[in-house]
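The values are calculated or read from the model by the stated rules, or taken from the named source; none is laboratory data. The structure presented is a predicted model; accordingly, all values stated were derived computationally and were not measured. Counting neighbours? That spans all protein chains shown, and the Cβs are built from the backbone with ideal geometry, glycine included. Please note that ligands, DNA and RNA were not included when accessible areas were found on the heavy atoms of the full protein model with its side chains. Shrake-Rupley method; radii C 1.70, N 1.55, O 1.52, S 1.80 Å.
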Amino acid sequence: MTLAGRIAIVGIGETRYERKASRPLMTLLLDAARAALADAGLGARDVDGIIAPGTTYQELHELARELGVRRQFFNASGYSGGAAVASAPLLAAMAIEAGLASTVLCVRGLAWGSERHGNVGQLHAEMPMKASFEIPFGWYPQIVYFAGMARRHIELYGTTERQLGAVAVAFRRHAALHDNAILSDRPLTLDQYLAEPYLAEPFRASDCCLVNDGAGAFVMTAGERARDLRHPPVVVLGAGAGVSEEGEYASQRVDYLATAAVHSAPRAFAMAGLAPADVDFVTLYDNFTAMVIQQLEDMGFCRRGEGGPFVDGGRIEIGGALPVNPSGGQLAQAFMLSMNNVCESVRQLRGTAGPRQIAGAEVGLVAGYSGSEHATLLLGRA
């Protein structure tokens with residue numbers, strides 16, 4: 001299956017991202033969906049497909065009813081976490097190609113800042129395998145899981161804490177250019193980063209993603225139809241998804257440092273007929289700084305073990321060789337399971353990112369991750 005030019009993103013919408021919102025999650029989801037439809041010049045009457053990762057059956061139908069979708073609509077769910085958002089165009093394309101839908105809305109939101117109490121990794125604590133065989137040995141919460149991977153990378157390849165800090169500093173600089181970034185007014189220098197105490201060595205607070213409220217959405221339709229809508233379309237060039245064979249259980253992995261990007265990225269590049277060297281910018285799932293390094297390696301932007309030097313020296317900053325997460329990503333803008341990364345990528349390819357604009361951006365890569373799953377999405381100018 002090839003998607004090159006056959007499906008496009010024609011509208012995007014986001015709420016304000018806040019540590020704690022004053023409105024319920026459903027209201028945030030509806031606001032983001034309406035903003036995306038308005039951006040596309042469409043209305044709820046045009047929507048006949050909804051992909052809403054993370055919602056229950058009841059929430060999905062409440063969303064459709066309140067939005068004003070009155071007829072039968074296509075609905076499907078694929079992967080979880082950020083992979084669900086980045087792989088949504090695969091589901092939308094299948095629905096559109098099969099004649100099951102013509103306009104598909106993808107909407108995702110979180111209210112972890114308001115609704116979650118205590119450890120936001122409770123979902124993982126409730127998995128029987130983890131509760132029985134990982135948590136008793138100290139593998140909990142999420143920061144501990146990923147700190148172990150970061151330590152392994154350091155020991156095997158000589159990656160340094162300064163290189164982890166380079167990721168945090170770069171994304172904080174990008175967030176300072178964004179008026180909808182939670183940490184836009186919190187500059188960070190490398191010295192400040194290194195002075196922070198460890199939370200789970202080698203991770204400090206600035207190595208960890210945000211916990212917040214908010215929602216985002218994007219609208220997809222066929223490439224031919226997209227040309228008649230409000231904005232120049234951002235077309236899907238390729239998409240791929242993959243799963244780690246050992247699932248959620250990192251302790252069981254044969255290759256401890258491999259993400260499922262080793263499966264998803266080759267599929268996406270092959271579908272698009274492109275290579276990593278053709279990509280002008282990357283927006284990826286940065287739950288922790290070390291995962292930026294690992295995903296860049298797994299997606300082929302550098303070899304295994306070379307990710308530390310690759311992110312150093314301003315290379316991943318706006319104006320560098322490969323800008324990464326120009327919105328600030330989940331480390332500095334908001335944790336939105338890659339939804340904010342899709343919206344940012346569309347703005348970059350439209351040329352409307354303002355002070356964050358990457359000059360001459362024509363091809364962007366969005367990566368979504370969930371621990372066991374990964375999706376790679378390649379987007380381009382029409």
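Within the range 71-89, the residues that satisfy the criterion of being of a type in the set (S, T, N, Q) and either more than 22 Å from Ala222 (Cβ to Cβ) or touching a helix residue (DSSP H, G or I) at 6+ places or on another chain (Cβ under 9 Å) (or both) are Asn75, Ser77, Ser80, Ser87. When every residue of the range 340-354 is checked against the conditions, none turns out to be under 18 Å from Asn180 (Cα atoms), modelled with pLDDT of 95 or more, assigned to a loop (DSSP other than H, G, I, E, B) and in contact with a strand residue (DSSP E or B) (Cβ under 8 Å, 6 or more places away or on another chain).
One residue stands out among those in the range 308-339 that are in contact with a Ser or Thr (Cβ under 6 Å, 6 or more places away or on another chain) and assigned to a loop (DSSP other than H, G, I, E, B): the one that is surrounded by the most Cβ atoms within 10 Å (Cβ to Cβ), which is Gln333. In this structure, Ile135 does satisfy being open to solvent by 20 Å² or more (accessible area, probe 1.4 Å), in contact with a helix residue (DSSP H, G or I) (Cβ under 7 Å, 6 or more places away or on another chain) and β-branched (Val, Ile, Thr). Quick one: would you say Arg162 is at pLDDT below 80 and surrounded by fewer than 16 Cβ atoms within 10 Å (Cβ to Cβ)? So Arg162 fails the test. Please state which one of Ala275, Ala217, Ala205 is under 21 Å from the mean Cα position of the chain (by Cα) and within 17 Å of Asp298 (Cβ to Cβ). Result of the check over Ala275, Ala217, Ala205: Ala275. Looking at the range 75-90, is at least one residue open to solvent by 40 Å² or more (accessible area, probe 1.4 Å), at pLDDT below 95, in a strand (DSSP E or B) and in contact with a strand residue (DSSP E or B) (Cβ under 8 Å, 6 or more places away or on another chain)? There is at least one residue in the range 75-90 that is open to solvent by 40 Å² or more (accessible area, probe 1.4 Å), at pLDDT below 95, in a strand (DSSP E or B) and in contact with a strand residue (DSSP E or B) (Cβ under 8 Å, 6 or more places away or on another chain). Within the range 259-279, residues that are closer than 19 Å to Gly371 by Cβ reach partners that are assigned to a loop (DSSP other than H, G, I, E, B) and of a type outside the set (Ser, Thr, Tyr) with beta carbons closer than 7 Å, at six or more positions or on different chains, in the pairs Ala261/Met299; Ala265/Met299; Ala265/Gly300. Residue pairs whose Cβ atoms lie under 7 Å apart, separated by 6 or more positions or on different chains, with the first residue in the range 103-114 and closer than 15 Å to Thr56 by Cα and the second of a type in the set (Lys, Arg) and open to solvent by less than 10 Å² (accessible area, probe 1.4 Å), do not occur. I'd like to know if the range 370-380 contains one or more residues that are free of Cβ contacts under 8 Å to residues at least 24 places away in the same chain, more than 15 Å from the chain's Cα centre (by Cα) and not in a helix (DSSP H, G or I). No, because not a single residue in the range 370-380 is free of Cβ contacts under 8 Å to residues at least 24 places away in the same chain, more than 15 Å from the chain's Cα centre (by Cα) and not in a helix (DSSP H, G or I). Residue pairs whose Cβ atoms lie under 9 Å apart, separated by 6 or more positions or on different chains, with the first residue in the range 231-242 and closer than 11 Å to His374 by Cα and the second open to solvent by 20 Å² or more (accessible area, probe 1.4 Å) and part of a strand (DSSP E or B), are Ala241/Glu373; Gly242/Glu373. The listed residues are Ala270, Ala265, Ala290, and the only one of them that is over 30 Å from His124 (Cβ atoms), in a helix (DSSP H, G or I) and among the aliphatic types (A, V, I, L, M) turns out to be Ala270.
Any residue that is buried (at least 23 other Cβ atoms within 10 Å of the Cβ), in a helix (DSSP H, G or I) and either more than 19 Å from the chain's Cα centre (by Cα) or modelled with pLDDT of 95 or more (or both) - is there at least one of those in the range 40-47? Yes, the range 40-47 has at least one match.
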